[in-house]
Amino acid sequence: AARASGAYLRARARARAPEAGHPPLALGERSMSALLRARLSSFLSGFAVAGGLCMYQLRSDVWASHEILEGRINAQGSEGESLGKRVQALEEELSAMKAAAAAMEKAKAGEGAAA
């Protein structure tokens, strides 16, 4: 407590030698670099807090979107099975059409060779 007394601070301010022709700072006065440093540190700490809050909000938004998409996929699960059956039926029909087209090509090639 004695160290932080006003008398101690005044004596310390008087004992400080003038720097490069500048008079010593009065009690409670700050240099421009100290003010700039304080403002910069305040700005950066505020920026860090705002960035942290934004990251938290983004994380919660991503999780909410993930849950919505997962719910939609689960809701369409039964429809997905019927869709798979439809695709399989279409693939079977396509292979039958390819076989018929190949048979027609063979028949045309056989007619061309006979003529």
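The values are calculated or read from the model by the stated rules, or taken from the named source; none is laboratory data. The shown structure was predicted, so the numbers you read here are calculated from the model rather than taken from an experiment. In this analysis, Cβ positions are derived from the backbone assuming ideal geometry, glycine residues included, and neighbour counts consider all displayed protein chains. Side chains are part of the model used for accessible areas, which takes the heavy atoms of the whole protein and leaves out ligands, DNA and RNA. Shrake-Rupley method; radii C 1.70, N 1.55, O 1.52, S 1.80 Å.
Tabulated data
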quantity	calculated
Solvent-accessible area per residue for segment 46-115 (1.4 angstrom probe, square angstrom)	90
Karplus-derived HN-Hα couplings along segment 40-51 (A = 6.51, B = -1.76, C = 1.60, θ = phi - 60°), whole Hz, x at Gly and Pro	5, 5, 5, 4, 5, 5, x, 5, 5, 5, 5, x
From phi via Karplus (6.51, -1.76, 1.60), per-residue ³J(HN,Hα) for segment 66-75 in Hz, x at Gly/Pro	4, 5, 5, 5, 5, x, 5, 5, 5, 5
Label-to-label distance, nm, for residues given as residue 82 and residue 95 (7 Å Cα→Cβ offset)	2.5
Phi to ³J(HN,Hα) by Karplus 6.51 cos²θ - 1.76 cosθ + 1.60 over segment 92-100, Hz, x for Gly, Pro	5, 5, 5, 5, 5, 5, 5, 5, 5
